[in-house]
Structures are given as structure tokens and as C-alpha cells.
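To start, the structure itself, in C-alpha cells.
The values are calculated or read from the model by the stated rules, or taken from the named source; none is laboratory data. Here the structure is a predicted model, which is why all the values come from computation and not from measurement. Don't worry about glycine lacking a Cβ; one is built from the backbone with ideal geometry, like all the others, and counts go over all protein chains shown. Ligands, DNA and RNA are stripped out before the accessible areas are found, and what is left, the full protein with its side chains, is counted by its heavy atoms. Shrake-Rupley method; radii C 1.70, N 1.55, O 1.52, S 1.80 Å.
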Amino acid sequence: MVQYKRLFSAAFLFLWLSVPALATAQSNLLPAAQSGDPEAQFHLGRAYESGEGVPQNDFEAVRWFQAAAQQDHPGAAMDLGWMLANGYGVAKDEGRALYWFTRAAALGAEGAADQRDALAAQFDPAARRAIAEEALRGLPEGSAAPNLPPALAVASDPVLGPEDDFETLRDRLNGGGGLDVLAKLRLLAQDGDVKARNLVGLALRRSTDAADRAAGVQWLFAAARDGLPAAQYNLAAALLDDAPPGSGRSPDYDGATRWLDLAAAGSAPADPSDYAAVSREFAARAGIRDPYRAALQGSEGAYEELRQLIRLKRQELLARRDYDSRRGAPPTATGRIESTVIE
């Protein structure tokens, strides 16, 4: 977020530093911000963060984000967490960043739960719980999460109940559920549920912990091996993601190509004469709010979006392979991925 904004603002710096722009931002936001209006404080912080209408200044951005966050402004709490997590305008402090991400998520800030969960993986369970309890203390009545968020709770000895089928757990995970939901999905995955294996793999791949991400690949491999097209696509993407450009590592292009081929074959449109298959895909489409997320999670109703993603990933793979060949990169890895944690 911050880095993208800076690239944008650097390209147009001469526009934003004009006298009219400065006057507009300061005259519209500064008086209200100084009078304590959290919305104005938040937007003034955003202006200083990006350099839009005022000289770019991370220290001023943090100052105004903090003023608004202390009045429970969701966006300001989210952005303050971001600044703390990255050390922009303030000393880097991941503990305080987790505090503000947790509070922002409870206040309903979009994307805050994802940031919270990714950062929480770096802390031991006791530290996560202590930070969460502090962050959630004194929340205004009616906030989105008055109790300890499941993502920060200690998952202990999960037990599958009769209501814990894959669809229910998937919806809970998509709705912000955390470690407790993931632990139950892992039980389903261990019992052989191919979609649960894929979803556990996707969740672990979002972690900032290297061991979690490696385990995520193993779960994706298990689901891909069992024939789930979404998992085959996700595994191909993981093979490319784990060797990003500039890392000095060469991706397993051959392996990624094979898995994309399998995903494309498995997600082909249903034969129009096969009424049962067409009806099944139509039914699976009902209720999908985010078709691309549904595609990654293995819904038959999102096969069209999955095929789009496969086409884009092929283009990325070919472009990277061509670039590596032109610069004389070492041969690609072709070793098999062994499933050591699934069986």
C-alpha cells in the first residue's frame, strides 16, 4: 500500500507540490483535524503518507493516524498498524502493529484481519493472546468483534462436530475465522477431504512463517495429486512464488507447467449434453460472492474464473522463463515434491 502510493506520488510530485494543491489540502483538512475530527485526521494522515496535496512526511502521517486511531477510527488504526509493521515514520514495532491490526479488525476495517493473522504467526500463543486482550479492551459497544478473535486464540485439541462440514468451515474461514477454524479444516484434510486439503494449503501459504508456507505446499500437493483443478493451479503458482524474480533461485518451470496443464484439463467446461454436470456447475455458482476466491478454493461454479487465472499464470510463466533464458539463468529444478506431512 505505502510503497505503491509512493511510486505513484513520485511520478506526479510536481503536480502535488503545486501551491493550489497544498492550499486545498491544508485548508480543507487541517482545521478540522486540529479540532479533533477523526475523519479529517485520518485523511490528513493519508495525505502526508502519500504526498498528495502536502509534502510527503511519514512522521506527520503517523501523528495523524495515531490521533484518529485513538478515537477508534478503523482506517486509521489499520494504517497506523501498517506504519508500525514497516517502520515508516516510527520505529518498527511488530507488537504494537499487531495491537492496531487487531483493534482495526474488531472495528471492521477492510483487510485488517488479513494483516493481523499474517503478523500473528510470528508470535507465540501466549503473546498473541496478551496483545489481543489489550487491543480489544475498551472497544465501543457494538464493535465487530467484542471478544477475543479466533485467529489470535490458542487452538487446542479441536473436535469436529456434526455441523463442521467443509462448506460451513470454509464460510467461517472466509468470514474472518482463524486458528480454530483452520484446525478443524486440518482434521478434515487429514481425513482425506480434498477441498479441505486445498484450503488448508492456501491458508498456510498466506503465513509469513517459512515453515507454514512449506507445509502449505505439501497440502496443496496432496490435493493436486488427488485431482482437484484448483489445487493444481495453486500448486503451480506456489512453485513460481517460491522463487521470485531477483531471488537468485530458478523456479520449477517444468513442474508448474505440468500442474497448469492438469488444472486446465480438469476445469474444462461441462459438456452441454451432460445435463447433470451442467446442473451441478450451475448450482455451485449460486451464492458465490467472490468468483475468483471461489475458483482458488475449488468451487465448480467458478471454473470459468479458474480458466482465466490459468491463462494468466501461463503467460507469467512463459515470460519469466524467457527472461531467465535470456540472462543465462541456471537450469530449472525438476525434482519431485515429496509429501512428507500429509499421510
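What to note about this one:
- Near pairs, Cβ below 7 angstrom, 6+ apart or cross-chain, from region 161-184 (in contact (Cβ under 8 Å) with a residue 60 or more places away in the chain and open to solvent by 60 Å² or more (accessible area, probe 1.4 Å)) to any residue that is polar (S, T, N, Q) and assigned to a helix (DSSP H, G or I): none
- Which numbered condition PHE59 misses (of (1) in contact with a Phe, Trp or Tyr (Cβ under 9 Å, 6 or more places away or on another chain); (2) open to solvent by 30 Å² or more (accessible area, probe 1.4 Å); (3) in contact (Cβ under 8 Å) with a residue 40 or more places away in the chain): (3)
- Hits in region 308-343 - residues which are modelled with pLDDT of 80 or more, touching a Phe, Trp or Tyr at 6+ places or on another chain (Cβ under 9 Å) and not aliphatic (A, V, I, L, M): GLN308, LYS313, ARG320, ARG321, ASP324
Here is a yes/no grid of residues against (1) crowded, with 24+ Cβ neighbours inside 10 Å; (2) in contact (Cβ under 8 Å) with a residue 12 or more places away in the chain; (3) of a type in the set (A, V, I, L, M); (4) within 23 Å of GLY178 (Cβ to Cβ):
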| position | (1), (2), (3), (4) |
| --- | --- |
| ASP93 | no, no, no, yes |
| LEU107 | no, yes, yes, yes |
| ARG128 | yes, yes, no, yes |
| GLU134 | no, yes, no, yes |
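- Just so you know, in region 232-265 the residues that are open to solvent by 40 Å² or more (accessible area, probe 1.4 Å), free of Cβ contacts under 8 Å to residues at least 60 places away in the same chain and part of a helix (DSSP H, G or I) include one that is nearest to GLU305 (Cα to Cα), and it is ALA265.
- Among the residues listed as GLN70, GLN41, GLN56, the single one being within 24 Å of ALA120 (Cβ to Cβ) and more than 24 Å from the chain's Cα centre (by Cα): GLN70
- On inspection, ASP226 qualifies as more than 25 Å from GLU110 (Cα to Cα) and charged (D, E, K, R).
- Only residues that are touching a Lys or Arg at 6+ places or on another chain (Cβ under 8 Å) and either at pLDDT below 75 or crowded, with 23+ Cβ neighbours inside 10 Å (or both) were counted across region 136-156, and they come to 6.
- Single residue of region 19-50 satisfying the filter (open to solvent by 40 Å² or more (accessible area, probe 1.4 Å) and hydroxyl-bearing (Ser, Thr, Tyr)) that is modelled with the highest pLDDT: SER35
- Members of region 103-124 that are under 20 Å from GLN70 (Cβ atoms) and more than 15 Å from the chain's Cα centre (by Cα): ARG103, ALA104, ALA106, LEU107, GLY108
- If the condition is being touching a residue at least 12 places away in the same chain (Cβ under 8 Å) and either more than 17 Å from the chain's Cα centre (by Cα) or not in a helix (DSSP H, G or I) (or both), then region 195-214 contributes LYS195, ALA196, ARG197, ARG206, SER207, THR208, ASP209.
- Scan of region 218-231 for residues that are aliphatic (A, V, I, L, M), assigned to a helix (DSSP H, G or I) and either more than 17 Å from ARG206 (Cβ to Cβ) or open to solvent by 20 Å² or more (accessible area, probe 1.4 Å) (or both), ordered by number: ALA222, ALA224
- Under the condition of being modelled with pLDDT of 85 or more, more than 18 Å from LEU202 (Cβ to Cβ) and surrounded by fewer than 17 Cβ atoms within 10 Å (Cβ to Cβ), the residues counted in region 274-307 number 1.
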